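Have a look at the structure below before the remarks.
The values are calculated or read from the model by the stated rules, or taken from the named source; none is laboratory data. The model shown is predicted, which means the values in this text are computed figures rather than measured ones. Please note: Cβ atoms are built from the backbone with ideal geometry, for glycine as well, and neighbour counts cover all protein chains shown. Only protein heavy atoms, including side chains, enter the accessible area calculation; ligands, DNA and RNA are left aside. Shrake-Rupley method; radii C 1.70, N 1.55, O 1.52, S 1.80 Å.
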Amino acid sequence: MPEPAEHPAYPVGLRLTGRRVVVIGGGQVAQRRLPALVAAGADVTLVSPSATPSVEAMAESGEITWTRRRYEEGDIADAWYALVATSDPEANARASAEAERTKTWCVRSDDAEAATAWTPATGRSEGVTVAVLTGRDPRRSAAVRDAIVEGLRDGSIAAPHRRTRAPFVALVGGGPGDPDLITVRGRRLLADADVVIADRLGPRDLLDELPPHVEVIDAAKIPYGRFMAQEAINNALIEHAKAGKSVVRLKGGDPFVFGRGMEEAQALAEAGIPCTVVPGISSSISVPSAAGIPVTHRGVAHEFTVVSGHVAPDDPRSLVDWQSLAKLTGTLVILMGVDKIGAIAQALIAHGKAAETPVALVQEGTTAAQRRVDATLATVGEAVRANEVRPPAVIVIGDVVGVGVGVPPIK
């Protein structure tokens, strides 16, 4: 029965684990709704003569049971919930009528007025499910949902945990610099932190968004005393965690790409402190992209290699096989190599890399201060000096540098 306009829908959360749910129709509506039903643990039966490739894959993997035919009377028997979404209005009406007779809550994609249930715009953040109904305005429902979920994730909507929460340490990759490029999970953990130990290369703008009670520690200013810098950072993580604090170690890029994240994880493990690692968008890929440079391109480069350039090729501490790298035909991405790029270029040329190989240096990638300087292996050392290129900068060597010439930077 159509619901009177003056009566709002009654919101409720269905617990469908192990319970029979029937979906009539295997098109785009089913493709959108099925993952949530499967995630809820429902015993889903799909009735449809055809299905989209994604829905078919769900059936092949055993996530749902697919009955490959049109709807027939009795298909909704014993179902707790039904979704009717075929392109045949007559079949939809018959299935909806059966659901009415069997007292099965039923959603109709083609006629909300004839349905006994409506699907809310749904989002989730850290165990909280947000479901929004605005009557017959699905776009507004989605907009309200998005605003609430984003607020929960970035901390702008205050929803503190009332139950006792165990302290944690999270090694969070903040991405290449633009605060919008941190992962959703990383941003959520920042919002829940009591202490944030940050690198200078981390996305600094995110620190301004933290609640006033959060203690922010600049890793570069930790008193080192008799400890090496990394040892001091490890000890700070351990001490704050043992004090019962929730700690986030905010790094630039990804924690495990030249970020010493594993050293910190090992130190925490030795101290008996659990930690979680949140991957970040690595500058090795994202910064070239932001400057319009693909690290791979069909017919140009089938591989890319990421190398640390913090020590020169002739330094006995170097672990890089520059002779082998010079023979590769793909893209070479160098991080932390601005002050050593002249020596690196000379070594690559000496080992057979063409002197005219294109080189691009992208300084402060993804930020408002981003700039790009182009050169070749033969000229890059002088280009760095002439243009006063400073860290942080990502260096890209290879023919892909020329692919994006004339293409505006990616925003």
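A probe of 1.4 angstrom, applied to the heavy atoms of all protein chains, finds Met336 with accessible area near 100 square angstrom. Of the peptides 235-243, 310-318, 251-259, the order by per-residue mean of other Cβ atoms within 10 Å, starting with the highest, comes out as 251-259, 235-243, 310-318. For the pair Arg298 and Gln266, a Förster radius of 35 Å applied to the C-beta separation gives a FRET efficiency near 0.30, rounded to the nearest 0.05. 3J(HN,Hα) along the range 13-21, derived from phi through the Karplus expression 6.51 cos²θ - 1.76 cosθ + 1.60 where θ = phi - 60°, amounts to x, 7, 9, 9, 4, x, 9, 6, 10 Hz, with x in place of Gly and Pro. Within the shell defined by Cβ-Cβ distances under 14 Å, the residues around Tyr71 carry a net charge of -2, with Lys and Arg each +1 and Asp and Glu each -1.
Based on DSSP H segments of at least four residues, each scored -39500 (n - 2.57), the chain has a per-residue ellipticity at 222 nm of -8500 deg cm²/dmol. Using a probe of 1.4 angstrom and keeping all protein chains present, the accessible surface of the chain works out to 54 square angstrom per residue.
Once each part is reduced to its C-alpha centroid, what is the distance from the range 199-268 to the range 94-143 in angstrom? Each part reduced to its Cα centre gives a spacing of 45 Å. 3J(HN,Hα) along the range 97-114, derived from phi through the Karplus expression 6.51 cos²θ - 1.76 cosθ + 1.60 where θ = phi - 60°, amounts to 5, 4, 4, 5, 5, 8, 6, 9, 4, 9, 9, 10, 6, 9, 8, 5, 5, 8 Hz, with x in place of Gly and Pro.
Counting Lys and Arg as +1 and Asp and Glu as -1 over every other residue whose Cβ lies under 15 Å from the Cβ of Trp322, the net charge comes to +1. Amide H to amide H, with H built 1.01 Å from N, Ala170 comes under 5 Å of Val247, Val248, Arg249, Thr276, counting only residues 5 or more places away or on other chains. Charge tally for Pro89 (other residues, Cβ to Cβ under 9 Å; Lys, Arg +1; Asp, Glu -1): -4.
Surface composition of the chain: carbon plus sulfur atoms contribute 53% of the solvent-accessible area (1.4 Å probe, protein chains only, all chains present).
Shown in residue order for the range 189-201 are the 3J(HN,Hα) couplings computed by the Karplus curve 6.51 cos²θ - 1.76 cosθ + 1.60 at θ = phi - 60°: 5, 4, 5, 9, 7, 9, 9, 10, 9, 10, 7, 5, 8 Hz (x for Gly and Pro). Centre-to-centre separation between the Cα atoms of the range 360-374 and those of the range 58-92: 54 Å.
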